[in-house]
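Have a look at the structure below, then the notes.
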Amino acid sequence: MKRKYRYLPLFALAIVLSCQTPELQPEPEPDLSRPVQITSADPMLVELICKRVLCGPGPVLDIHLEIKETSHDLFRNNGLSLLTLTTGLFVSHSATVDYALTLDLNPTRINEGTLHVRDGYWFVLPFYAGFAGTNMGTILNGYRDPKHLQRYCLDERPGKLREFFDGDRDQICDEYRRFLQVTLDSLWPELEPMLAYLPSDPLLKRVRTGGL
């Protein structure tokens, strides 16, 4: 009977020693004196950016993201689990994201490039359980592939069978929103300098903050 419960402390420790990575950064305070009009084919992306900037009539900033080369990171995560002597459970998804930022000012400013975005979880488990969990978690979390999330959040409504395995559309959209938030955190160092070129209206800031 004692042998049956000997792993309980390790499982309790696993609850404490768990993490979702990367941690989302706090949203920066928007500059209330620089309004900008955000355009994108992705309405959720516009929603998230408008939490970081003052969206309204103004110069147009078009943001285009293309998700490419997605991966379940199985070999990487198995390698990490082996490095932790099979105690680590690692589940993640990654994608190459091409971005194009176009700010309609005189002159027009364009910034293009590529990001590698990864989002996932890790846990500490007993020996061998982490390695087994890494492989099982990869199978169970296949729906978190970014292209899959984008498809069933924005383009198609999941059917009953897909909802059974992946969750309903709200749950899928929650996962997709997180992927976009992680992407924005990586993109922000490229985007922030472009926003600095927006014309500033100190009077507008005073109105927005109740200074008038």
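Might you check whether a residue that is at pLDDT 90 or above, of a type in the set (S, T, N, Q) and open to solvent by less than 70 Å² (accessible area, probe 1.4 Å) occurs anywhere in the stretch 194-205?
No.
Of ASP185, ASP98, which residue is assigned to a helix (DSSP H, G or I) and either open to solvent by 20 Å² or more (accessible area, probe 1.4 Å) or more than 20 Å from PRO22 (Cα to Cα) (or both)?
ASP185 is the lone residue from the list that is assigned to a helix (DSSP H, G or I) and either open to solvent by 20 Å² or more (accessible area, probe 1.4 Å) or more than 20 Å from PRO22 (Cα to Cα) (or both).
Tally up the residues in the stretch 87-103 that are without any contact (Cβ under 8 Å) to a residue 60 or more places away in the chain and either aromatic (Phe, Trp, Tyr) or at positive phi (or both), please.
So the count comes out to 1.
Rundown of residues vs (1) more than 20 Å from CYS173 (Cβ to Cβ); (2) assigned to a helix (DSSP H, G or I), yes/no style:
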| residue | (1), (2) |
| --- | --- |
| VAL36 | yes, no |
| MET44 | no, yes |
| CYS55 | yes, no |
| LEU65 | no, no |
| GLU69 | yes, no |
| PHE75 | yes, yes |
| LEU105 | yes, no |
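Hey, can you tell me all the residues within the stretch 154-181 that are hydrophobic (A, V, I, L, M, F, W, C), under 13 Å from MET44 (Cα atoms) and either surrounded by fewer than 19 Cβ atoms within 10 Å (Cβ to Cβ) or at pLDDT below 95 (or both)?
Result: LEU154, ILE172, CYS173.
If you take the residues of the stretch 58-83 that are among the charged types (D, E, K, R) and at pLDDT 95 or above, which of them is nearest to GLY142 (Cα to Cα)?
Going through the qualifying residues, I end up with ASP73.
Do we find a residue being acidic (Asp, Glu), assigned to a loop (DSSP other than H, G, I, E, B) and open to solvent by less than 70 Å² (accessible area, probe 1.4 Å) anywhere in the stretch 115-123?
No.
Among the residues that make up the stretch 24-42, is at least one of them modelled with pLDDT of 95 or more, out of contact with any Leu (no Cβ under 9 Å at 6 or more places or on another chain) and either over 22 Å from LEU204 (Cα atoms) or open to solvent by less than 50 Å² (accessible area, probe 1.4 Å) (or both)?
Scanning the stretch 24-42, I find no residue that is modelled with pLDDT of 95 or more, out of contact with any Leu (no Cβ under 9 Å at 6 or more places or on another chain) and either over 22 Å from LEU204 (Cα atoms) or open to solvent by less than 50 Å² (accessible area, probe 1.4 Å) (or both), so the answer is no.
The values are calculated or read from the model by the stated rules, or taken from the named source; none is laboratory data. Since the structure is predicted, the reported quantities are computational estimates derived from the model, not experimental observations. All Cβ positions, glycine included, derive from the backbone under ideal geometry; neighbour counts span all protein chains shown. Heavy atoms of the whole protein, side chains included, go into the accessibility calculation; ligands, DNA and RNA do not. Shrake-Rupley method; radii C 1.70, N 1.55, O 1.52, S 1.80 Å.
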